[in-house]
Amino acid sequence: MKRVLLILLLLPFWGCSKEKSAEQIFDAQASGVVMILNEYYYSVSLAGGNTFYFSDIIEGKMQNLVFNPQMVQTTYSFGTGFFIDDRGGILTNRHVVNHYVKKSEVLPYVQKLISAMVGYAQERQREAIYEADKIYSLLKQNYIIDSQGDIYRGPSATQYSNALKRRLQELSNDYNEAQRYISELKRISVSDVVIRCHSKIGIAYNNSYVTGPQDFKPCVVERESANEEVDLALIRLADEATPEGAYIFKTSPAAKRSLFSKGNESLTLDQQLYLIGYNRGIALASTSEGIRAQLTSGRISQKPDNYRVMYTIPILPGSSGSPVVNSYGELVAVNFAAVSGTQSFNFGIPLAQVQAFMSGTMAPSIIE
């Protein structure tokens, strides 16, 4: 009798969690999935106040190196995120909003740049010496130069000689300034350089029209995971208001559907999963009716560990930060990485790590 009563009490919980079709999941949740645009560049600050800028490192090569911040060329990249609260909070990947570069990639360029700057200063000195020699040669032909280098002709210097003397002083100043510059550069330790990524983050909604960067709503990066293994970041709309009607994904565990099931806390081999995201960013999302997210599906192909879930969901660049849900529409992971050379084996960050990130704690292992 008690067992029957318990089952009757649990019936409402069973009834609220029904498996859904892919179309039902997409129609319900796509409004909460956003395209993220990151417009970024890098600065490298050297000791002594010298700073230079570049747009990116591609295939090991530094792109668009400049010294004037007004001439910086930015790089655009796309990703995906999804709403997790009603105050404009969006969960995504750390690498979507902050494109770190390894210091080891930049330092060789810094060393070459310092050498080039020293070479440029030395060339300035050679040019100063060459011009000064020409002036002295000219003066020797027409004027008397005493042992202190003073120039005169007869009792007083002419206007012409005064102009030449001023030019010699300018060349001397140029030479000495270049020498100070060389001394400063040679004191720089490349290990002390400071590399920063400067990012401007914006989002666009599913079914909205995007014609350029100006159509993306500004966001701020609120927090990034300090755990290197957990590629997560929380960004927030600048106005701190989630659009009315946008789906909000729940990051807390769903109610258990039965006495014998652990719901989305349990990830099993061959379990059906769905991903909603923006593969290839604007390139694939653009339609005549605005940008549209894509739904792709697959199954868990490896027993999960504490930090990743492997699945066969096809993805392309731009889908980083996409929500991954089960057949009940419950969030189970955040897509974050692809297996190199294939589109069929990719990784998500399990919900346990998402919850730990949101609470500021370390997640326990999801394997029992």
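Give the residues of the stretch 296-335 that are hydrophobic (A, V, I, L, M, F, W, C) and out of contact with any Phe, Trp or Tyr (no Cβ under 6 Å at 6 or more places or on another chain), sorted by residue number.
Passing the criteria: VAL309, ILE313, ILE315, LEU316, VAL324, VAL332, ALA333, VAL334.
Just need a number here: residues in the stretch 118-137 that are farther than 30 Å from ILE188 by Cα and either surrounded by fewer than 13 Cβ atoms within 10 Å (Cβ to Cβ) or at pLDDT 90 or above (or both).
Total satisfying the criteria: 3.
Which is in a loop (DSSP other than H, G, I, E, B) and within 17 Å of the chain's Cα centre (by Cα), of TYR41, TYR100, TYR53?
Selected residue: TYR100, the only one of TYR41, TYR100, TYR53 that is in a loop (DSSP other than H, G, I, E, B) and within 17 Å of the chain's Cα centre (by Cα).
Return the residues of the stretch 183-238 that are in a loop (DSSP other than H, G, I, E, B), among the acidic types (Asp, Glu) and surrounded by 13 or more Cβ atoms within 10 Å (Cβ to Cβ); say none if nothing qualifies.
ASP231
If you check ASP174 against the conditions, is it acidic (Asp, Glu), farther than 30 Å from LYS61 by Cα, modelled with pLDDT of 80 or more and touching a Lys or Arg at 6+ places or on another chain (Cβ under 8 Å)?
Here the answer is yes, as ASP174 does meet what is asked.
Report whether or not LEU171 is in contact (Cβ under 8 Å) with a residue 12 or more places away in the chain and either farther than 30 Å from LYS102 by Cα or touching a Phe, Trp or Tyr at 6+ places or on another chain (Cβ under 9 Å) (or both).
yes
Whether any residue in the stretch 290-301 is surrounded by fewer than 18 Cβ atoms within 10 Å (Cβ to Cβ), modelled with pLDDT of 90 or more and over 30 Å from VAL210 (Cβ atoms) is what I want to check.
yes
Going by what's in this entry, would GLY277 be described as at pLDDT 95 or above and touching a strand residue (DSSP E or B) at 6+ places or on another chain (Cβ under 8 Å)?
Yes, satisfied.
The values are calculated or read from the model by the stated rules, or taken from the named source; none is laboratory data. Because the structure is predicted, anything quoted here is derived from the model rather than measured. Note that we place each Cβ from the backbone using ideal geometry, even for glycine, and neighbour counts take in every protein chain shown.
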